[in-house]
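Undergrad: Have a look at this one before I ask anything.
The values are calculated or read from the model by the stated rules, or taken from the named source; none is laboratory data. A quick note: this is a predicted structure, and the numbers were derived from the prediction, not measured. No Cβ is skipped: glycine too gets one built from the backbone with ideal geometry, and neighbour counts run over all protein chains shown. Accessible surface areas use protein heavy atoms only, side chains included; no ligands, DNA or RNA. Shrake-Rupley method; radii C 1.70, N 1.55, O 1.52, S 1.80 Å.
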Amino acid sequence: MPAAFALPPAVEMLWGIRERPSRGPRRGLSLERIVSAAVGVAQADGIGAVSMSRVAAELGAATMSLYRYVAAKDELLLLMVDAAMGSPPGPCEPDDGWRAGLSRWARGARAAYQRHPWALRIPISTPPLGPNMVAWMDDGLRCLAHTPLTEQQKLSSVLLLSGFVRNEATLSTDLKAASGGEKMMPGYGALLLRLIDPAVFPSLQRAIESGSLDDDDDMDGEFDFGLARLLDGVAVLVDGLAAP
């Protein structure tokens, strides 16, 4: 395995392939308690507030004692995201088709990001490594198991869907933070009318006149629209491969 994809020691502990620390002055510490405390800090004060010293203070432990479980802050961040995402939703009904399964998958991932928006601020630096993230990948592939897609096409479809969910969740979180929870779109069209020349921006002018830019910031509706169009694209590929 290339060095870039070597498992961090703490991730090996989660998978049970590395022995956990069993001796030391703080035997009440555990990897799970450290991660839980870090998640609590991020949930309360944002990801920028997470540091090894802050987490240690939350646990009433010395900072250096944490390093027996987590080698570095970046490793802790990886574990935090894995914990925040939790388990995938899994199948609802045995006879659900791939589209219903992926819809449920996407909505479950979006809900996890909405519960833990700080997770969106952690850059993706590795493929899925933690038990929960690997389970999400497997669950997405399971939804496509009975389609004629190749394994590479299944992986690419899950990656595409994951990127859409993360992007939409980031946009929704940013808009909510910028607006303070207030509506942003009403009045936007009228504002643009003061700025643009209809002869230069004719398509935008038509959108403004239709009232489309003055909707009620319905991000749920935008998510539903984007998800449906993305799955429509996957359906074209599935149907094309299934045709005689």
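Undergrad: Considering only the stretch 143-161, state which residues are buried (at least 19 other Cβ atoms within 10 Å of the Cβ) and in a helix (DSSP H, G or I).
TA: Correct list: 143, 154, 157, 158, 161.
Undergrad: Are any residues in the stretch 150-175 in contact (Cβ under 8 Å) with a residue 24 or more places away in the chain, over 17 Å from residue 102 (Cβ atoms) and not small (Gly, Ala, Ser), and if so, which ones?
TA: Selection gives 170, 171, 173, 175.
Undergrad: I'm trying to understand the selection: among the residues of the stretch 215-235, which are assigned to a helix (DSSP H, G or I) and over 15 Å from residue 160 (Cα atoms)?
TA: Narrowing the stretch 215-235 to residues assigned to a helix (DSSP H, G or I): 219-235.
Within the stretch 215-235, 219, 220, 221, 222, 224, 225 meet the criteria.
Undergrad: Quick test for you: out of 128, 91, 117, pick the one residue that is at pLDDT 95 or above and open to solvent by 30 Å² or more (accessible area, probe 1.4 Å).
TA: Numbers: 128 fails: at pLDDT 95 or above; 91 fails: at pLDDT 95 or above.
Checking each option against the conditions leaves just 117.
Undergrad: Then there is this: Across the stretch 176-214, what is the total count of residues that are outside any helix (DSSP H, G or I) and farther than 28 Å from residue 120 by Cβ? Spell out the reasoning first.
TA: From the stretch 176-214, those outside any helix (DSSP H, G or I) are 180-187, 194-201, 211; that's our starting set.
Adding the requirement that they be farther than 28 Å from residue 120 by Cβ leaves 194-201, 211.
Number of matching residues: 9.
Undergrad: Sticking with this structure for a sec: Going residue by residue through the stretch 217-224, is there one that turns out to be farther than 25 Å from residue 101 by Cα and either among the basic types (Lys, Arg) or touching a residue at least 12 places away in the same chain (Cβ under 8 Å) (or both)?
TA: Applying the first criterion (farther than 25 Å from residue 101 by Cα) to the stretch 217-224 yields 217.
Within this subset, residues satisfying the condition of being either among the basic types (Lys, Arg) or touching a residue at least 12 places away in the same chain (Cβ under 8 Å) (or both) are 217.
Scanning the stretch 217-224 turns up at least one residue that is farther than 25 Å from residue 101 by Cα and either among the basic types (Lys, Arg) or touching a residue at least 12 places away in the same chain (Cβ under 8 Å) (or both).
Undergrad: Looking only at the stretch 168-183, count every residue that is more than 17 Å from residue 46 (Cα to Cα) and surrounded by fewer than 14 Cβ atoms within 10 Å (Cβ to Cβ) and tell me the total.
TA: Residues in the stretch 168-183 being more than 17 Å from residue 46 (Cα to Cα) and surrounded by fewer than 14 Cβ atoms within 10 Å (Cβ to Cβ): 4 in total.
Undergrad: Follow-up. Considering only residues that are closer than 28 Å to residue 149 by Cα and of a type in the set (Ser, Thr, Tyr), which ones fall in the stretch 84-128? Step through it out loud before you land on a result.
TA: If we filter the stretch 84-128 for residues that are closer than 28 Å to residue 149 by Cα, which is where we start, we get 85-112, 124-128.
Hits for the stretch 84-128 are 87, 103, 125, 126.
Undergrad: Could you identify the single residue in 101, 90 that is under 23 Å from residue 230 (Cβ atoms) and in a helix (DSSP H, G or I)?
TA: On the way: 90 fails: in a helix (DSSP H, G or I).
Testing whether each residue is under 23 Å from residue 230 (Cβ atoms) and in a helix (DSSP H, G or I) leaves just 101.
Undergrad: Is there a residue in the stretch 49-56 that is open to solvent by 60 Å² or more (accessible area, probe 1.4 Å), within 23 Å of residue 28 (Cβ to Cβ), at pLDDT 95 or above and part of a helix (DSSP H, G or I)?
TA: Yes, there is a match, as at least one residue in the stretch 49-56 is open to solvent by 60 Å² or more (accessible area, probe 1.4 Å), within 23 Å of residue 28 (Cβ to Cβ), at pLDDT 95 or above and part of a helix (DSSP H, G or I).
Undergrad: Right, next: Within the stretch 93-149, how many residues turn out to be in contact (Cβ under 8 Å) with a residue 12 or more places away in the chain and within 11 Å of the chain's Cα centre (by Cα)?
TA: Matching residues across the stretch 93-149 total 18.
Undergrad: For the stretch 190-213, enumerate the residues that are exposed (fewer than 15 other Cβ atoms within 10 Å of the Cβ) and in contact (Cβ under 8 Å) with a residue 24 or more places away in the chain.
TA: 190
Undergrad: Just to be sure I understand, how many residues within the stretch 198-244 are small (Gly, Ala, Ser) and under 30 Å from residue 143 (Cβ atoms)? Let's see the steps before the verdict.
TA: First pass over the stretch 198-244, keeping only residues small (Gly, Ala, Ser): 199, 203, 207, 210-212, 221, 226, 228, 233, 235, 240, 242-243.
Of the ones still in play, those that are also under 30 Å from residue 143 (Cβ atoms) are 221, 226, 228, 233, 235, 240, 242-243.
Of the residues in that region, 8 qualify.
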